[in-house]
Amino acid sequence: MLAGKTLAVLGVGTMGEALVKGWLESDLGLSVRGTAKRSASRKRIEALGIEPSPDNVSAVTGADVVLLATKPQVVPSVLAEVGAAITPETLVISIAAGVPTARIEQDLVPGVPVVRVMPNTPAVLREGMSVLAGGAAAKEEDLALAEALFSPVGKTAVLDEGLMDAVTGLSGSGPAYVYLVIESLAEAGVKVGIPRDTSTLLAAQTVLGAARMVLELGQHPALLKDAVTTPAGCTVDGLMELEEGKLRVTLLKAVVKATQRSRELAP
Ligand SMILES: NC(=O)c1ccc[n+]([C@@H]2O[C@H](COP(=O)([O-])OP(=O)(O)OC[C@H]3O[C@@H](n4cnc5c(N)ncnc54)[C@H](OP(=O)(O)O)[C@@H]3O)[C@@H](O)[C@H]2O)c1
């Protein structure tokens with residue numbers, strides 16, 4: 001489905017780079033071009049093994065898929081620049097947090113299909129989570145093409161666009177929350193005498209293993225937690241500390257705040 005197609009990535013930054021690396025690793029037969037703002041970024045794009053385009057308009061000209069990957073605040077100016085050069089034969093995918101498909105469609109010629117996607121950075125290791133939502137002109141085959149692009153770099157789900165800010169607050173920002181958890185667990189290991197490198201390994205592998213248990217066994221996390229918690233054992237004491245520190249409500253509030261911020265970012 002993707003072999004022989006040309007993809008233009010407008011704004012090869014942190015997320016754009018993670019996706020490009022994941023795509024190149026997946027060997028999709030795609031031809032990828034990319035742009036950035038500063039001329040110094042050209043070398044970085046070249047080093048990725050893709051073609052740096054001199055400007056956004058040249059990048060989108062003749063491209064089958066255009067990926068908008070700049071910061072949300074920059075999306076309107078990029079669209080003003082490239083809007084007229086994009087035809088309805090091109091699929092536009094935006095990963096910009098908080099930018100509705102309707103806002104993107106405003107600056108495009110009528111009929112250009114737009115799919116909004118919220119990926120996350122583990123896409124670089126092809127362990128990303130990407131949620132897709134189609135805009136007004138997006139047909140089933142457009143969503144299928146977007147899914148074909150994102151499924152090689154992790155898991156995908158299709159949801160109503162109304163949930164995209166919530167998705168941003170959960171899986172888009174989520175890796176940062178989990179890194180904080182891993183960092184804190186590793187620090188705790190050091191506190192109780194484990195060498196730092198080993199402690200980080202213990203913390204990260206524990207998070208990875210626990211995540212795989214949830215995904216692959218399909219059991220409720222509460223049941224899996226109960227299986228680790230023996231009566232009058234050690235884990236229940238640790239859990240009591242987490243409850244006292246309000247871990248649950250803190251994570252809940254983090255997702256709610258990030259969701260609100262995603263709504264505020266809408267240009
Ligand atoms: N980071 C994440 O974990 C994550 C997750 C999900 C979604 N997103 C979304 O991904 C988008 C990018 O986020 P990011 O974290 O990757 O930001 P970033 O690292 O700042 O990358 C943005 C890129 O856009 C380039 N740029 C700025 N103005 C441009 C223009 N006029 N034309 C072409 N390129 C331009 C920048 O160029 P220079 O390099 O030259 O400055 C930079 O490479 C955001 O909309 C964000 O909501 C990010």
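Mind checking the angle between helix 234-244 and the chain's longest principal axis? C-alpha axes, 0 to 90 degrees, to the nearest 10.
For helix 234-244, the angle is close to 60 degrees.
Which of the residue pairs LYS71/LYS257; LYS225/LYS246; LYS43/LYS71; LYS155/LYS225 have a Cα-Cα distance greater than 22 Å in the structure shown?
Details: LYS71/LYS257 19 Å; LYS225/LYS246 17 Å; LYS43/LYS71 20 Å; LYS155/LYS225 24 Å.
Exceeds cut-off: LYS155/LYS225.
Using only DSSP helix segments of four residues or longer, with each worth -39500 (n - 2.57), what per-residue ellipticity at 222 nm results for the chain after dividing by its residue count and rounding to 500? Mind showing how you got there, number by number?
On the way: 12 runs with 132 residues, N = 267.
Roughly -15000 deg cm²/dmol at 222 nm, from the helical runs in the chain.
What nm value, rounded to one decimal, do you get for the distance between ALA144 and LEU242 when each label is placed 7 Å out toward the C-beta?
That separation, rounded to one decimal, is 4.2 nm.
Give me a comma-separated list of calculated 3J(HN,Hα) values for segment 222-228, in order, Karplus coefficients 6.51, -1.76, 1.60 applied at θ = phi - 60°, integers in Hz, x for any Gly or Pro.
Per-residue couplings from phi come out as 5, 5, 5, 5, 4, 5, 8 Hz.
For the chain, what relative contact order do you get, as a whole percent, if you take Cα pairs closer than 8 Å and at least 6 residues apart?
Details: 437 pairs, mean separation 43.4, N = 267.
This gives 16 percent for the chain.
Tell me, what ³J(HN,Hα) does each residue in segment 101-106 have, in order and in whole Hz, if you take phi through Karplus 6.51 cos²θ - 1.76 cosθ + 1.60 with θ = phi - 60° and put x for Gly and Pro?
4, 4, 5, 5, 4, 3
Does anything in segment 148-187 have its amide N under 19 Å from the 7 Å Cα→Cβ label point of GLU216, and if so which residues?
Once the point is set 7 Å along Cα→Cβ of GLU216, 153-156 turn out to lie under 19 Å by backbone N, inside segment 148-187.
Tilt of helix 14-26 relative to the longest C-alpha principal axis of the chain, in degrees (0 to 90, nearest 10)?
Approximately 90 degrees, to the nearest 10.
Using only the alpha-carbon atoms, how far is helix 196-217 inclined from the longest principal axis of the chain? Give it as 0 to 90 degrees, nearest 10.
Roughly 70 degrees, rounded to the nearest 10.
Read-outs: derived from the displayed coordinates by stated rules, not from any lab. Note that the structure is predicted; figures quoted are calculated from it, not measured. Glycine gets a Cβ as well: all are built from the backbone with ideal geometry, and neighbour counts include every protein chain shown.
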